[in-house]
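Heads up, the thing below is written out as structure tokens.
The values are calculated or read from the model by the stated rules, or taken from the named source; none is laboratory data. In this text the structure is predicted, and so the values were computed from the model without any measurement. Heads up, the Cβs are rebuilt from the backbone with ideal geometry, glycines too, and the neighbour counts pull from every protein chain shown.
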Amino acid sequence: MVNNNEKEELYDKLLLELRRGILMLAVLSQLKEEQYGYSLKQMLDEQGMEINEGTLYPLLRRLESQGLLESDWQVVDDTRPRRYYKMSQEGEMIFANLIQEWQALVVVMNQLLEGGKKVS
Amino acid sequence: MNANEMIERYVHEVGQHLPRKTRADIVLELRSLLLDTLEERSAGEPTPQIAAALLREFGHPEEMAAQYHQTEYLIGPKLFPTYKTVITITLSIIGGLHLLGLGFVLWQESGANFVSQLFDFIFAFARSVILNAGIVTLIFALIERVGTDSVDLPKKAKMWDPFALPPVKDPNRVDRPELAVGIFFGLLFVFWLNLLATWFGESDLSGDAVWIVQLTAAAFVQMIPWMTASLLAEVVLKGVVLLQGRWQRLTRWLEIATLSFGLYVTYRIYRLDEISTVPIFTTGIKLILGIIILVSVIELTVKLLKLLWGQSFTPPTLFDRIRLAKSG
């Protein structure tokens, strides 16, 4: 029999899987202009997309290693060095395609969840 | 401990769980991110309490480090069920052989020194379990690294052709678990064979107690290099087939050659007057060898006939595919 803890764990796992792809899209959407980790997190938080630091910062590096982002170290206003991320040219192209996919998915999902008929 | 020191300890701890190649860069970035956040939250006056709350949000150092690299497997989920089976079989066989050995020694000594023999058995069994479990794990870890299936899957997935799908009953399809088990037991047998003389053939004449267990006859010991060559040939062939992922005409012919050689070596052992120094063992082994020879002759004949008249090793040609597509 599944106890409450296991139910919660399962729910957290499913939620994590659901958010994984969306977070990638959310992060890319904010990196048309260069941002460093903390400023990006704040921007996302302010717009209601809360994301854990342990997820966000490794995700940035993963997206960079996949070629979607580029980064460099900068020292602005005599503060400590910060790593700034920005979407690469390839990232912008992929992002544009992903937005289209996302919008189509939203329409389909709304129909599915609301049980409505397909709008042609 | 002040806030900065706490941050420093944290990033150092995360760094300990990161690969050396990326460690310095990630640690530098993580420190910068933590200090930015700390500064913002403490309005320029960081306290250890604020730092501790922040670090709890970032998560345990190991958890944080784990997020930075993808999961790596020594033995991946695809091979793991086979690995578990092989380990279970291996350890069961080792347990059985050791119990047999204990029984034989106790019988020879008429039950004397029972406790001492029991301790010897436990230590020898433990040593053998660790050694053999290590060998099995090493072989499977190697297969995991060099096995073509998982490594080339993305490339294969792009290039695959439904018309080239092998038939359901495809005799040339590689049975990876079977080959892996075959390689392991082949190597294990080689290992044991070549240590038999040391394990069962030596005597300690320096002490008071002169104790000799000579199970293998001299004529049998002379056959060990032949058996080793035959087993190693089979192991190498299985390894090549495992890497190629499919039986080819050449490897099938090599299989016939290694099986024939193995049959020849088995027959020569069968013809020996004495295999073991214990006569009843010689009779028992000869009976088993007789059955093995009979089965091997049938197997060899069937394989040879299939190879000469039965099997097709060439994938469908372009013409075949077009014809099939039109008829479909």
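Quick look at the values:
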item	result
Residues being assigned to a helix (DSSP H, G or I), charged (D, E, K, R) and free of Cβ contacts under 8 Å to residues at least 40 places away in the same chain - total across segment B:240-286	1
Matching helices (runs of 4 or more DSSP H) fully within segment A:1-100 where at least 1 residues are closer than 24 Å to B:ARG23 by Cβ and facing chain B (nearest Cβ under 10 Å)	A:37-46, A:53-65
For B:LEU250: the one exception among (1) within 30 Å of B:PHE104 (Cβ to Cβ); (2) among the aliphatic types (A, V, I, L, M); (3) at pLDDT below 90	(1)
Scope segment B:66-80; condition under 30 Å from B:VAL136 (Cβ atoms) and within 14 Å of chain A (Cβ to nearest Cβ); matching residues	B:ALA66, B:HIS69, B:GLN70, B:THR71
Residue within segment B:29-52 that is modelled with pLDDT of 90 or more, of a type in the set (Asp, Glu) and on the phi < 0 side of the Ramachandran plot present	yes
Residue list for segment B:9-46, restricted to those being facing chain A (nearest Cβ under 8 Å) and in contact with a Pro (Cβ under 7 Å, 6 or more places away or on another chain)	B:SER32
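Residues are listed down the side, and each one gets a yes or a no for (1) in a helix (DSSP H, G or I); (2) more than 30 Å from B:LEU138 (Cα to Cα); (3) touching a Phe, Trp or Tyr at 6+ places or on another chain (Cβ under 8 Å):
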{"site": "B:ARG31", "(1), (2), (3)": "yes, yes, no"}
{"site": "B:GLU72", "(1), (2), (3)": "no, no, no"}
{"site": "B:GLY76", "(1), (2), (3)": "no, no, no"}
{"site": "B:LEU91", "(1), (2), (3)": "yes, no, no"}
{"site": "B:GLY96", "(1), (2), (3)": "yes, no, no"}
{"site": "B:LEU106", "(1), (2), (3)": "yes, yes, yes"}
{"site": "B:SER116", "(1), (2), (3)": "yes, yes, no"}
